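> A single structure is presented below for examination.
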Amino acid sequence: MSGGTPGAPGDGTYGAARPLAGGVAGDFVSALAEARLMAIIRGAERGPVVDAALALLEEGVRFVEIALTTPGACAAIEEVRGRAPEGTLVGAGTVVTAGDVADVIAAGAQFAVTPAVVESVEVAARRGLPVAAGALSATEVLDARRRGADVVKLFPASLGGPAYLRALRDPLPDVPLMAVGGVGLDDVPGFLAAGALGVGVGGPLVGDAARGGDLAALRERARAYVLATAP
């Protein structure tokens, strides 16, 4: 079965790709395919999360996801959006419920990421918010697309590695897959060679920076990941 481009959820069909908000040209899938890297930030306080997000964006990471498990996550998203360099994207992660979708849209999130195939996928799609939905099996991947996911987040990607992603790509070549979960710097080439649209990276990239850790070290890791994911 061919995935096609994402669109109307719930009817088994896919429509036109959703454009990005905030004056950024193109659509979500095309922009992510060009960037090939999304940083995932979780923290215990708003301040260090904002500092880490801005440092990543300043070092060339174009997509930053702030997880809703972070206290004050929506306020952090709003602040980072207001200070982000031109051409960068700030989104929300761990978006699970319809209420989460409403909250992150109000905060100015430019995309949403879910941990699984949950109600937020359809709600985000219906509201025009680009969404990357978490899935692992082929059944979940197709369900995510039917619900309106623009991109499917293969999670945890470390469970099967590049070989598993390649195996999914064979029967589902039109589904944009992003490898997320335990993707170290040395793992990036393998996932991209296997056909991943890009990689989403949390701990191996962010380290302790979102909890007040070393921002200089974060910037160094960011430059390394940007280089590793460059076309």
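> Please name which of Thr69, Ala125, Gly87 has its Cα lying farthest along the dipole of the chain towards the positive end, using unit charges on Cβ (Lys, Arg +1; Asp, Glu -1) and the Cα centre as origin.
Checking the options against the dipole of the chain, the answer is Ala125.
> Along the charge dipole of the chain, Cβ charges K/R +1 and D/E -1, which of Gly134, Gly212, Gly43 sits furthest on the positive end?
Sorting the options by dipole projection puts first Gly134.
> Over every pair of different alpha-carbon atoms in segment 30-108, take the mean of 1/r and invert it; report that Kirkwood radius in Å.
12.4
> What's the center-to-center distance, using Cα atoms, between segment 44-115 and segment 129-208 in Å?
20
> Would you mind computing, in nm to one decimal, how far apart the modelled labels at Glu58 and Ala163 are, each placed 7 Å from Cα along Cα→Cβ?
About 4.3 nm separates the two model spin labels.
> Taking every pair of alpha-carbon atoms in segment 28-229, what share in percent sits in each 10 Å bin, from 0 to the bin with the longest distance?
Values per bin, smallest distances first: 10, 39, 38, 12, 0.
> Relative to the Cα centre, what is the charge dipole magnitude of segment 68-186, using +1 at the beta carbon of each Lys and Arg, -1 at the beta carbon of each Asp and Glu, and rounding to the nearest 20 debye? Intermediate results must be reported in sequence, preceding the final value.
Values: 10 positive and 13 negative charges, 34 e Å.
That gives a dipole near 160 debye.
Bear in mind these aren't lab numbers, they're just calculated from the coordinates by the rules spelled out. What you are looking at is a predicted structure, and each value in this text was computed from that prediction instead of being measured. No Cβ is skipped: glycine too gets one built from the backbone with ideal geometry, and neighbour counts run over all protein chains shown.
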